[in-house]
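First the structure, in the form of structure tokens, and then the observations on it.
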Amino acid sequence: MRYTNELGTPARADDHDALTGTAAACGLRLENWYGVRIAVDPDETDPPPPSDPGELAALLGVGERLGATDPYRQLGQLAHLILRKASTHRPKQLTTPFDLPVRSAGGGHPRKNGEALFSWRDP
């Protein structure tokens, strides 16, 4: 939806499902999303930050928590979508170094110059 915002500037509002659908059609998948500008007065277009550092930290903390939690994140004036390229294969996962076999470098000691050589394995 296109509209003129409170500053008189042309703007648009996009539907979450439409955005993720378009992203999927482009080979992207939604990893996460956040609502933005939740803990501010919606009538104030550009409020100044609190001058007290403690109050600013508290306000930012509240905004971060609300922006990541339903149903509050849906109330954000803006949204940040984290999209990743969808892969067609399952990536190999590296387990902890203690679980991996150590390969010998050149048939010698498994560690050469203090460096361990690890291999990948499927879980």
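Read-outs throughout are calculated quantities, based only on the coordinates presented, and are distinct from any laboratory measurement. Keep in mind the model is a prediction, meaning the values are calculated, not measured. Glycine gets a Cβ as well: all are built from the backbone with ideal geometry, and neighbour counts include every protein chain shown.
Observations, loosely collected:
- Packing, as the average of other Cβ atoms within 10 Å across residues, places the peptides 27-40, 57-70, 2-15 in the order 27-40, 57-70, 2-15, highest first.
- Using the Karplus relation 6.51 cos²θ - 1.76 cosθ + 1.60 with θ = phi - 60°, the per-residue 3J(HN,Hα) values for the range 24-40 come to 4, 5, 8, x, 10, 10, 6, 8, 6, 8, 9, x, 10, 6, 9, 8, 10 Hz, with x marking Gly and Pro.
- 11 Å cut-off, amide nitrogen to a point 7 angstrom out along residue 2 Cα→Cβ, residues in the range 8-50: 10-12
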